[in-house]
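Participant: Pasting a structure here, questions to come.
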Amino acid sequence: MQSIRVTGGNPLSGTVTVGGAKNSGLKLMAAALLAPGVTTIHNMPDIADVDTMSEVIGGLGAPVRRDEHSLVIDATTVDSFEAPYEIVAKMRASIIVLGPLLGRLGRARVAMPGGCNIGSRKIDLHLRGLSQLGVQIASEHGYIEATAPHGMRGASIALDFPSVGATENLLMAGAAAWGTTVIENAAREPEIQDLIAFLNAMGARIEGAGTSTITIEGVSAFSPVTHGVVGDRIEAGTFLVAAALCGGPVTVAGVKPEHLDLVLAKLTAAGAEISTGPDEVTLQRGGPIRPVDAATLPYPGFPTDMQPQFMTLMAVANGTSVITENVFESRFMFADELGRMGADITIEGHRALVRGAARLSGAPVISPDLRGGAALVLAGLAAEGATTVGDIHHIMRGYESFVDKLAGLGADIALIDSDEGEGRGC
């Protein structure tokens with residue numbers, strides 16, 4: 001086991017390039033199951049979650065080969081409909097193979113998913129929507145059994161919540177169903193738009209990308225494609241918060257600024273100076289960090305995946321801010337670890353009152369989840385002394401070369417064996 005050790009106080013400057021979006025690339029890998037033949041996906045991050053998804057679809061009969069930041073997926077013969085627990089338990093996104101398996105084979109047996117423990121993320125919306133397409137659903141012994149013995153039929157589906165995962169599963173299933181499917185209150189994230197572009201290139205007929213109403217005309221066949229993954233807006237936002245903490249200037253390349261509109265607005269309100277280009281954002285801060293309230297909402301609202309990083313910035317702001325979490329009820333778990341570093345945070349239900357401190361102090365902390373772990377590393381950049389972050393497997397699930405990229409900007413940061421740090425039990 002390794003940890004990340006950060007010694008705070010170093011200024012950050014330079015340019016860092018983000019990879020393809022994890023939350024898009026994983027879904028494109030699953031969608032490749034729909035098309036017999038070889039699909040190539042470029043700009044794929046080299047992270048643990050991609051390795052896990054490669055295991056999932058490889059076990060279904062579609063082997064995956066990596067060539068640097070490209071994946072070559074051979075879905076010529078998909079000969080299994082079961083995604084077993086020992087693989088799916090590693091990553092919640094594995095549930096996304098339900099839709100394409102039903103579209104390709106008319107049947108799927110998928111273990112109930114695992115992943116980050118950040119609150120209830122039930123898959124009821126996925127299953128309810130699939131049942132409206134004519135899929136018969138059963139659940140037993142920890143598995144979801146889904147069959148469409150008479151094929152799937154288009155339907156009008158209204159989601160109770162604009163769930164990203166449910167929208168994605170329904171997109172892939174609906175693309176292979178007979179007739180027209182309409183998804184109301186659909187998710188609008190850039191990663192959804194990337195999936196729609198991918199499916200349309202494969203032969204699907206989908207309209208409404210980026211809106212809350214998506215219309216799908218089912219088709220009977222799909223063709224393999226070559227596609228590049230959209231840049232990772234959450235990785236980009238993480239480095240921008242690091243720059244805001246440490247002053248900058250830092251240029252984050254490989255991301256579309258319009259995918260970060262509200263994040264950039266909040267950072268500007270906090271005192272950052274921001275300039276943008278077609279595929280890059282530059283941030284620097286010369287004055288104090290100002291307190292700013294933020295509330296997470298589905299896209300185009302403030303992303304829940306940026307809430308821990310933004311709370312870390314507010315923890316050293318010159319005043320008090322309120323952070324409201326409207327998406328995942330357990331996303332404040334990392335706040336206790338941030339408190340060990342001197343942050344003054346009071347949790348009241350789904351709101352956090354953050355009283356800015358002049359300085360954080362380095363301490364041994366434990367990463368509770370992917371984004372919370374990244375936020376604790378950022379806190380270490382701004383803290384006095386050394387911070388050791390344990391359980392970094394969470395971070396490695398979603399950030400490629402996180403330590404090296406921060407070091408390249410000037411951070412005093414390194415991977416160490418856990419027994420070199422002070423360490424803490426859970």
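Throughout, read-outs are computed from the coordinates displayed, never taken from laboratory work. All values reported here derive from a predicted model rather than from experimental measurement. Cβ coordinates were reconstructed from backbone atoms using ideal geometry, including for glycine residues, and neighbour counts include every protein chain displayed.
Participant: How much of the calculated P(r) for the range 363-402 lies past 15 Å, in percent of all Cα pairs?
Facilitator: 31 percent
Participant: For the range 258-393, give the magnitude of the charge dipole about the Cα centre (Cβ charges: +1 Lys/Arg, -1 Asp/Glu; no others), in debye to the nearest 20.
Facilitator: 420 debye
Participant: Relative contact order (percent) for the chain, with alpha-carbon contacts under 8 angstrom and 6 or more residues of separation?
Facilitator: 20 percent
Participant: Moving to a separate point now. For the range 230-281, take N as its residue count and report Rg(C-alpha) divided by 2.2 N^0.38 Å.
Facilitator: 0.99
Participant: How much net charge surrounds residue 343 when only other residues with a Cβ under 14 Å from its Cβ are counted (Lys, Arg +1; Asp, Glu -1)?
Facilitator: -1
Participant: Could you order the peptides 84-97, 292-305 from most to least packed, using the average number of other C-beta atoms within 10 Å per residue?
Facilitator: 84-97, 292-305
Participant: From zero outward in steps of 5 Å, how is the percent of C-alpha pairs of the range 326-426 spread across the bins?
Facilitator: That works out to 2, 13, 22, 25, 20, 12, 5, 1, in percent per bin.
Participant: If you take the alpha carbon radius of gyration of the range 1-156 and divide it by 2.2 N^0.38 Å, what ratio comes out, to two decimals?
Facilitator: Compactness ratio reported: 1.19.
Participant: Can you give the local net charge around residue 40? Use residues other than it whose beta-carbon is closer than 14 angstrom to its beta-carbon, Lys and Arg +1, Asp and Glu -1.
Facilitator: With Lys, Arg at +1 and Asp, Glu at -1, the net is -1.
Participant: Right, something else. Select from 195, 159, 12 the residue whose mean-square fluctuation is largest in a Gaussian network model of the chain (Cα-Cα springs shorter than 10 Å).
Facilitator: It is 159.
Participant: Suppose the chain between residue 355 and residue 139 were pulled fully straight at 0.36 nm per residue; how much longer would it get relative to their current alpha carbon spacing?
Facilitator: 73.2 nm
Participant: Moving to a separate point now. Would you calculate the volume per residue, in Å³, of the smallest convex hull containing every Cα atom of the range 123-198?
Facilitator: Each residue corresponds to 89 Å³ of Cα convex hull volume.
Participant: On to the next question. How big is the shadow of the Cα convex hull of the range 285-336, averaged over all directions, in nm²?
Facilitator: Averaged projected hull area, Cα only: 3.9 nm².
Participant: Would you kindly derive the ³J(HN,Hα) couplings of the range 36-44 from the backbone phi angles with the Karplus curve 6.51 cos²θ - 1.76 cosθ + 1.60 (θ = phi - 60°), listing them in order in whole Hz, with x for Gly and Pro?
Facilitator: x, x, 10, 9, 10, 10, 8, 6, 8
Participant: Viscosity 1.306 mPa s, temperature 10 °C: give me the Stokes-Einstein translational D for the range 180-321 in µm²/s, with Rh taken as the Kirkwood radius over C-alpha pairs.
Facilitator: 95 µm²/s
Participant: Sticking with this structure for a sec: Can you give the local net charge around residue 181? Use residues other than it whose beta-carbon is closer than 9 angstrom to its beta-carbon, Lys and Arg +1, Asp and Glu -1.
Facilitator: Cβ neighbours under 9 Å give a net charge of 0.
Participant: How far, in degrees from 0 to 90, does helix 48-59 lean away from the longest principal axis of the Cα atoms of the chain, to the nearest 10?
Facilitator: With rounding to tens, the tilt is 10 degrees.
Participant: Where the convex hull is taken over the Cα atoms of the range 93-232, what is its projected area averaged over directions, in nm²?
Facilitator: Over all viewing directions, the range 93-232 projects a mean Cα-hull area of 8.2 nm².
Participant: Show me, bin by bin at 20 Å from 0, the whole-percent P(r) of the chain based on Cα pairs.
Facilitator: Values per bin, smallest distances first: 27, 55, 17, 0.
Participant: Taking each pair of distinct Cα atoms in the range 287-376 once, what is the resulting Kirkwood hydrodynamic radius in Å?
Facilitator: 12.9 Å
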